[in-house]
Amino acid sequence: MLPTPQAFADESHFTAGQNGSYIMGAVVVADAEREAIRAAMLGLRGRKKRGKLHWHDMKRDARLDAARTLAAVSGRHVVVVGTTVGAAQQERGRAKCLERLVYELHLRGVAGLFMEGRTRQLNDRDIRVAMWARSNLPKGAQFAVTHLRGGEEPLLWAADILAGAAHAALAGATEPWDLLAPGVAECVVPVG
């Protein structure tokens, strides 16, 4: 049996004043790439030995460096943008994006998706959405969602960089996105 790639996903949300979009980015990782990407993410974190690397906390130059680093170690990504998503529709936006993400990942041979854990109820909701989406895949298709602690898995940081760069591009700061876009399959799904 051949090893299958896995995906690591994170999200970003625009407020209604920014066209109301929900963004879910997934980095598709082959077995052979896993440790190199982890090492690159840990390198970006630098001397800070605790906590996760987070796009939101980075300054412009650090964001460019993060996008450049991710583009150099991995080039297979999927970004799903849900539109138009009001502030009260975040969970609906997440569900619609996750549903499409399951389909897109299945097309790329991915059967396992890792996401940062939230509350137990919200994690269970993600799993229900993914299982419903799996039911729309060809008969016998396998797909599982696993939630992890964000600070413990550097591959989730890579997904945060991807989602953050997509978010920044929608806000007009396209430099990080331009570095990653050649390796990204981008999809837009209606939410509202």
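The values are calculated or read from the model by the stated rules, or taken from the named source; none is laboratory data. On a predicted model such as this, the values are computed, not experimentally measured, just so you know. Reconstructed Cβ throughout: ideal geometry from the backbone, glycine too, with neighbour counts over all protein chains shown.
Where residues in region 53-64 are within 15 Å of Leu42 (Cα to Cα) and among the hydrophobic types (A, V, I, L, M, F, W, C), which of them is modelled with the lowest pLDDT? So that I can check it myself, show each step before the final result.
Start the filter on region 53-64 by keeping residues that are within 15 Å of Leu42 (Cα to Cα), which leaves 53-55, 58, 62-63.
Now restrict to residues that are among the hydrophobic types (A, V, I, L, M, F, W, C): 53, 55, 58, 62.
Values: Leu53: 91, Trp55: 95, Met58: 94, Ala62: 95.
Per the stated criteria, the residue is Leu53.
Pairing residues of region 43-58 that are within 18 Å of Glu116 (Cβ to Cβ) and of a type outside the set (D, E, K, R) with residues that are modelled with pLDDT of 90 or more and in a loop (DSSP other than H, G, I, E, B), at Cβ distances under 7 Å and at least 6 apart in sequence or on separate chains, gives Leu44/Leu53. The one condition from (1) of a type in the set (A, V, I, L, M, F, W, C); (2) farther than 26 Å from Ala130 by Cβ; (3) modelled with pLDDT of 90 or more; (4) surrounded by fewer than 17 Cβ atoms within 10 Å (Cβ to Cβ) that Ala67 does not meet is (4). Pairs are defined by a Cβ separation below 9 Å, a sequence spacing of at least 6 or placement on different chains, a first member in region 69-83 that is under 22 Å from Val102 (Cβ atoms), and a second member that is surrounded by fewer than 24 Cβ atoms within 10 Å (Cβ to Cβ) and of a type in the set (S, T, N, Q); the pairs so defined are Val81/Ser21; Gly82/Ser21; Gly82/Gln89; Thr83/Asn19; Thr83/Ser21.
For the structure I just gave you, tell me whether Arg92 is modelled with pLDDT of 95 or more and basic (Lys, Arg). If you could, list the steps in order and put the result at the bottom.
Working: modelled with pLDDT of 95 or more: no; basic (Lys, Arg): yes.
No: the conditions fail for Arg92.
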